[in-house]
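Read the structure below first, then the notes.
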Amino acid sequence: MNASFRILTQGVSFKRPKNDGTADLSPPKRDEVAKKPPSGGNQLSRGKSTRGNLDNIFGSRVNKSKKDQAKEEYPEQSDLEEGVPADISAQCNASLSTQMEQDRQDDEADESSSEDDQPAKLQLFSGAEPSTDFTPAKRKRKKKVKKDADKLALIKQEKINHFRNLHNIHVTGEDIPEPVETFEELATRFQLNARLVENITKIGYQQPTPIQMQAIPLVLQGRNILASAPTGSGKTAAFLIPIIQSLKCFNNFGYRAVVVSPTRELAKQTFFETDRLTLGTGLRTHLLEDVPKFVKRAKKNRSSRFDILVTTPNRLVFLLSKKPAVVSLESVEWLVIDESDKLFEADKEGGFRDQLAVIYKACSSPKVRRLLFSATFAIEVEEWCKQHLDNLAEVSIGARNAATSAIDQRLVFVGTEDGKTSALRKILQEEYTPPVLIFVESKQRAKELFRELENDRFHVDVIHSDREQSERDLVVSSFRAGNIWTLIATEVLGRGIDFKGVNMVINYDFPLTSISYIHRIGRTGRAGQRGKAITFFTEADDVNLRSIASVMQRSGCEVPAFMLQLPKPSSSVRKQLKRNPKELRKKLKNRVKMKKLGKGIRKAKADTRFSATAKPKAATKTDS
Ligand SMILES: Nc1ncnc2c1ncn2[C@@H]1O[C@H](COP(=O)(O)OP(=O)(O)OP(=O)(O)O)[C@@H](O)[C@H]1O
């Protein structure tokens, strides 16, 4: 991917509607939006904050086609090449400096001549002192100072743009602060807590990653943020470092920051990262694990002993929905929604989105800021943020919804389901470099594959939602410690989990969406290391093949041309893919089976012409 991107900073500010006690996380309906009259401009007056205003603004934006909007925010490659390369920036600085020097000399000459004229002009005024502001010399000097300041600002902006281009940083929003290049710069510019600096050094972070370069100053500015950056690019520290800095030290007010993660494993990992970064600062972090214990503790009013809460949404919602609620989020200043696109997902029962709405509403302080982070970007999350979050800044690193270029990705055709085990054994024999993660689509599949491999020499174990929490914890820690070499997992480990040094990810079952593909393979190739991802596909997987091939192509992998030319799934299939991908996959598998069955029957029928013993049943046996 070319590192040269044009920076887009749109001067748009959005006001949050008045807090009416509702927390509707659903995006506005398109036709509702389309009916709204277009707004007069994209700058909203600061005084009034009404939903009507918001809708007008939102309407004017979404009336553009998504393609146009995307093009505005992410120019095509040819456009991107117009970025500001280093030498151009240097030339620009040099020529501006020369021009400024020339202007200075001209102005000095002008000034001396106009000062000579002054007495004559001043005599025109009798009695009253002339206003000093309006003497031509002063006016000129003022103009010159302004001109110089403008030029300096231009040079500075040019440098910032160049820096962002270099690191693939894209930002939108008003008044975006300068990114930081080093942790030393961060420490001096924001007077970072000495213990926090010490902890960053102790952990071994030498330089901020691109998301940290831009997101940390933004969070420290007190903004609402929607951020996306590749898997394994340090998003956790990008929100934790500035939150820790802003909370300063322990106080007795109760939770002031809440981090919501979709899985227990991820919540636990974030808790450990928070623990490492807060060491010695006095801040206290609580991982919400044992709900009954929490309820007991809450009765003694002991929840105010912590500053930061890390949790999954369902546990927190359970506590919030007790009458009376056993947890208070009224003092929360920072609400972090990690894996934000996942937590915005809604299913028939409401899913994560409804839970998020409860949490959102419970964080009732006017001081609260929301930080939404993920490796993948969803347009509906962006639309919601734009509509509901005041002073929003968006930051993203690299191309949206692309896998990291640190992963070598490969697609392997295995024919049918039956072809998978032998293909897996072949790979494990020929290129086995543990630790290896194998993803399957359901707990049933996970159990079956585990039985298949458990007696081989691959030190295999399995993790899925049917296992006890203690077993899951043990499996994760054993895999981290290197006692398990091959781990079979469902989507439980698909997002956010940071296992150091996973060398290979195998998608034994084809991911249901390209988003799931990006997160699954992102368990390798993290924090600057390289990794390998192999994905099996069968005849039943062609509905998703094109979108995954596109992800591969966007992250710089070679993809067979035919895959990119596969027909796009019809709109009804796309809808099903979004609503219930598992169900659709089942249907497609059945269709392939039926097709084969049909072929088998036809073949068998044909065979019976020559051999009376051939039966259709026998011909289809291998497909079952
Ligand atoms: N500045 C840094 N320098 C070096 N390593 C870092 C830095 N910041 C974070 N890391 C390390 O990078 C790894 C990935 O970080 P993290 O888990 O935060 O990634 P992520 O972007 O949240 O990934 P995902 O999208 O998969 O959740 C971790 O091991 C973390 O310790």
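A few comments on the model shown:
- For LEU372, the amide hydrogen comes within under 5 Å of the amide hydrogens of ILE225, LEU226, ALA227, ILE337, counting only partners 5 or more places away or on other chains and with H modelled in the peptide plane.
- Local charge for SER331 was computed over the other residues whose Cβ lies under 9 Å away, with Lys and Arg +1 and Asp and Glu -1, and equals 0.
- Carbon/sulfur fraction of accessible area - the stretch 371-483, other protein chains in place, 1.4 Å, %: 46 percent
- Accessible surface of the stretch 261-321 [probe 1.4 Å, protein heavy atoms]: carbon and sulfur percent: 52 percent
- Percent of Cα pairs in the stretch 407-579 per distance bin of 5 Å, from zero to the largest separation: 1, 8, 17, 22, 21, 15, 9, 4, 1, 0.
- Think of the stretch 407-579 as having a plus end and a minus end, set by charges on the Cβ of Lys, Arg, Asp and Glu; of MET504, ILE534, PHE562, PHE562 sits farthest toward the positive end of this dipole.
- Rg/Rh ratio calculated on Cα atoms of the stretch 472-538 (Kirkwood radius): 0.94
- Taking amide H atoms as placed 1.01 Å from N in the peptide plane, the amide H of THR404 lies under 5 Å from those of THR231, each 5 or more residues away in sequence or on another chain.
- ASN507 long-range amide H proximity, modeled H, under 5 Å: PHE439, ILE534, THR535, PHE536
- For the stretch 161-397, alpha-carbon Rg relative to the globular expectation (2.2 N^0.38 Å, N residues): 0.98
- Counting only DSSP beta bridges with both residues in the stretch 161-397, the antiparallel share comes to about 15 percent.
- A Cβ-based charge dipole, computed about the Cα centre of the stretch 161-397 with Lys and Arg at +1 and Asp and Glu at -1, lands at about 1420 debye.
- Per-residue HN-Hα couplings for the stretch 256-263 [Karplus 6.51, -1.76, 1.60; θ = phi - 60°; Hz; x = Gly/Pro]: 10, 9, 10, 10, 9, 10, x, 10
- Heavy-atom accessible surface of the stretch 155-257: percent carbon and sulfur, 1.4 Å: 53 percent
- Pairs from the table (LYS159/LYS248; LYS144/LYS386; LYS156/LYS367; LYS248/LYS361; LYS202/LYS367; LYS235/LYS296) lying more than 30 angstrom apart at Cα are LYS159/LYS248; LYS144/LYS386; LYS156/LYS367; LYS202/LYS367; LYS235/LYS296.
- A simple rule links phi to the HN-Hα coupling: the Karplus curve 6.51 cos²θ - 1.76 cosθ + 1.60 with θ = phi - 60°, which for the stretch 199-214 gives 5, 4, 5, 4, 5, x, 7, 8, 9, x, 7, x, 5, 5, 4, 9 Hz, with x for Gly and Pro.
- Mean accessible surface per residue for the stretch 219-329, computed with a 1.4 Å probe while every protein chain stays in place, in Å²: 38 Å²
- Dipole magnitude of the stretch 486-566, debye to nearest 20 (Cβ charges: Lys/Arg +1, Asp/Glu -1, about Cα centre): 460 debye
- Using the Cβ of ASP341 as centre and a radius below 10 Å, the other residues enclosed give a net charge of -2, where K and R count +1 and D and E count -1.
- Distance cut-off 21 Å, percentage of C-alpha pairs in the stretch 360-426 lying past it: 55 percent
- For the stretch 407-579, the per residue solvent-accessible surface stands at 45 Å², with DNA, RNA and ligands left out and a 1.4 Å probe.
- Sparsely packed loop sites in the stretch 256-335 (the GluC sites (Glu not before Pro) outside DSSP H, G, I, E and B with at most 16 other Cβ atoms within 10 Å) comprise GLU330.
The values are calculated or read from the model by the stated rules, or taken from the named source; none is laboratory data. The shown structure was predicted, so the numbers you read here are calculated from the model rather than taken from an experiment. Glycine gets a Cβ as well: all are built from the backbone with ideal geometry, and neighbour counts include every protein chain shown. Protein only, heavy atoms only, side chains kept; ligands, DNA and RNA dropped before computing areas. Shrake-Rupley method; radii C 1.70, N 1.55, O 1.52, S 1.80 Å.
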